Each structure stands twice: as C-alpha cells, then as structure tokens.
Amino acid sequence: MEKSTHERFREVVDNVLLAEELGFDGFGVGERHERPFISSSPPVVLSHLAALTKRIRLFTAATTLSLLDPARVPAGRTGR
C-alpha cells in the first residue's frame with residue numbers, strides 16, 4: 001500500500017532528526033511534482049525542518065528550474 005503524504009512527511013522529519021543526532025553535516029530535500037512526493041516547494045519543508053533542528057545544515061537537493069521564475073530561485077534556496 002502506498003504511504004500517505006503525511007506518512008512520507010513524517011519520515012522526512014524523523015530522518016533529519018536522526019541525521020542530526022548521528023552527527024551528519026547536512027540534509028537535503030528535493031523538489032518533486034509527481035508521486036511520491038512530500039512537497040513541490042523545498043523551502044517550505046526546509047523551514048519546518050529548521051524549526052526542529054539546531055545545527056545540521058539544510059539545503060535543496062534538486063530544483064526544477066524550468067517550472068520556476070529564475071529571478072526567485074536563489075532567494076528561496078539559501079541554506080542556513
């Protein structure tokens with residue numbers, strides 16, 4: 001049975017928390033517009049993950065430039 005979007009999102013949250021606990025330096029979220037996906041907007045997901053983590057670096061792992069306004073891409077994809 002296919003996992004719900006909520007279940008997949010929960011897995012991402014669990015994975016970033018585990019990665020930080022294990023001492024990983026970074027965690028990336030990709031942009032996806034087809035199933036299975038958790039969000040077509042990585043900055044929104046990364047904002048949530050940033051609120052839950054303290055030191056791990058967060059970044060976009062993939063961006064579909066052909067679907068976005070090129071002028072807005074750098075502004076929405078800066079890591080912490």
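The values are calculated or read from the model by the stated rules, or taken from the named source; none is laboratory data. Quantities reported herein were computed from a predicted structural model and do not represent experimental measurements. Please note: Cβ atoms are built from the backbone with ideal geometry, for glycine as well, and neighbour counts cover all protein chains shown.
Give segment 41-56 a look and list any residue that's of a type in the set (A, V, I, L, M, F, W, C) and more than 8 Å from the chain's Cα centre (by Cα), or say none. Before the answer, list the steps.
Of segment 41-56, the ones of a type in the set (A, V, I, L, M, F, W, C) are 44-46, 49-52, 56.
Scanning segment 41-56 gives Ala50, Ala51, Leu52, Ile56.
Can you tell me which of (1) surrounded by 13 or more Cβ atoms within 10 Å (Cβ to Cβ); (2) hydrophobic (A, V, I, L, M, F, W, C); (3) modelled with pLDDT under 85; (4) closer than 23 Å to Ser4 by Cα is the one Leu68 doesn't meet?
Looking at each condition in turn, Leu68 falls short on (4).
Within segment 11-24, can you find the residues that are under 12 Å from Leu52 (Cβ atoms) and surrounded by 12 or more Cβ atoms within 10 Å (Cβ to Cβ)?
Val12, Val13, Asn15, Val16, Leu17, Ala19, Glu20
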